[in-house]
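Notes to accompany the following structure.
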Amino acid sequence: MNKAGDMKTKNLNNPKSNNFKYLISGEKDTLWGITVNTVGNLIIEPDYEVYPPLVGHPDAFYFNVAKGRKLDSYQLVYISHGRGKYFTSPKHSIDVHAGDLFILRPNVWHSYYPDRKTGWHEYWIGLKGPNLDSHFKNEFFDGHKIIYNVGFIEEIVDLYNKAISVAMKERATCQQYLAGIANLILGMTIYYYTNRHLNDDIMVKNISKACIIMRENLLTDMTPEQVAEQVCMSYSWFRKMFRDYTGMSPARYMQELKLQRAKNMLVSSTLSIKEIAYTLCYEDASYFSALFKKYLGCSPIQYRNQFGG
């Protein structure tokens, strides 16, 4: 492992390029479900002498690169420029590149540092709370994955900079604002990583194509089985893959599309309930009305009366 953490030299990084804040949260803040304890960015120039810089970091967050550390919270660390190494153990490392976002987990040993030839520009936000725990418990994130290559995303950089600005002012209820930003960064991580790495996957292309076919044939009597045929998949396999990628069965997805269209028609047209049912290929208007009420909690007539012009 790099010996930079053992070097006892002064920090040669430009202090103006380092912008960070450590925060406290009150008892009421914790009821929000996510609290933020640190946010910042740091520019490490090429040929740096020491990492991390020896200024301004509390003992709970500062670490010796050679010894590594464990945190009691999560951190989302985004590298916008440069490259480096992330260590899962003293003898095992993963290459880190510009556009990578790595997620530090509570009570998990880790260490990392930038390459001396390139340095890097890092952004981070530290957070904890039961809402965050549920994201990982419910497997929105792979329990074994650490580094997400999302690419250079200006929106993500803007969010980190906004979080820093909010933290610096530290006004009342800033914790809720920061929690929202952190949650959005997590959501963008999933979104951009998935789109960057799965769009070339043939299965993803087939499911995306199936969704388009369903939308284009919404006002026909096309069945999920026929959709599967059009993407050259057996229905059993198509149904499983569709559920894995969308969280619902093909039949339920088509039903949701029809209910969305029904809501629009109820609000924007003068068609009768029977006419709307037939337009959406429901032969029985009573069945359509019962289905509408089951999923939306009110009848088509009640919906029109409440939301229609």
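Nothing in this text is a laboratory measurement; each read-out follows from the coordinates by a stated rule. Since this is a predicted model, take the numbers as computed values, not measurements. Positions of Cβ are backbone-derived with ideal geometry, glycine not excepted, and every protein chain shown enters the neighbour counts.
As a test of the formula, what do you get for the chain when each DSSP H run with n ≥ 4 contributes -39,500 (n - 2.57) and the sum is divided by the residue count, at 222 nm and rounded to the nearest 500 deg cm²/dmol?
Working: 11 runs with 133 residues, N = 309.
So the helix-based figure for the chain works out to -13500 deg cm²/dmol.
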Once you place label points 7 Å from the Cα toward the Cβ at Ser236 and Asp47, how far apart are they in nm? 6.6
Principal-axis tilt of helix 250-268 within the chain, Cα atoms, nearest 10 degrees: 70
Ordered by residue, what ³J(HN,Hα) values in Hz, to whole numbers, does the stretch 39-45 give under the Karplus form 6.51 cos²θ - 1.76 cosθ + 1.60, where θ = phi - 60° and Gly and Pro are x? 8, x, 9, 8, 9, 9, 6
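Under 8 Å for C-alpha pairs, at least 6 residues apart: give me the relative contact order for the stretch 203-257, rounded to a whole percent. Could you put the intermediate results ahead of the total?
Details: 36 pairs, mean separation 20.4, N = 55.
Answer for the stretch 203-257 is 37 percent.
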Going residue by residue through the stretch 164-177, the Karplus relation 6.51 cos²θ - 1.76 cosθ + 1.60 with θ = phi - 60° gives ³J(HN,Hα) values, rounded to whole Hz and with x marking Gly or Pro, of 4, 4, 5, 5, 4, 6, 6, 7, 4, 6, 5, 4, 5, 5
Give me a comma-separated list of calculated 3J(HN,Hα) values for the stretch 218-223, in order, Karplus coefficients 6.51, -1.76, 1.60 applied at θ = phi - 60°, integers in Hz, x for any Gly or Pro. 4, 9, 10, 9, 4, 9
Evaluate E = 1/(1 + (r/R0)^6) for Lys67 and Asn131, where r is the Cβ-Cβ distance and R0 equals 35 Å; express this FRET efficiency to the nearest 0.05. 0.65
Report the rotationally averaged projected area of the chain based on its alpha-carbon convex hull, in square nanometres. 20.5
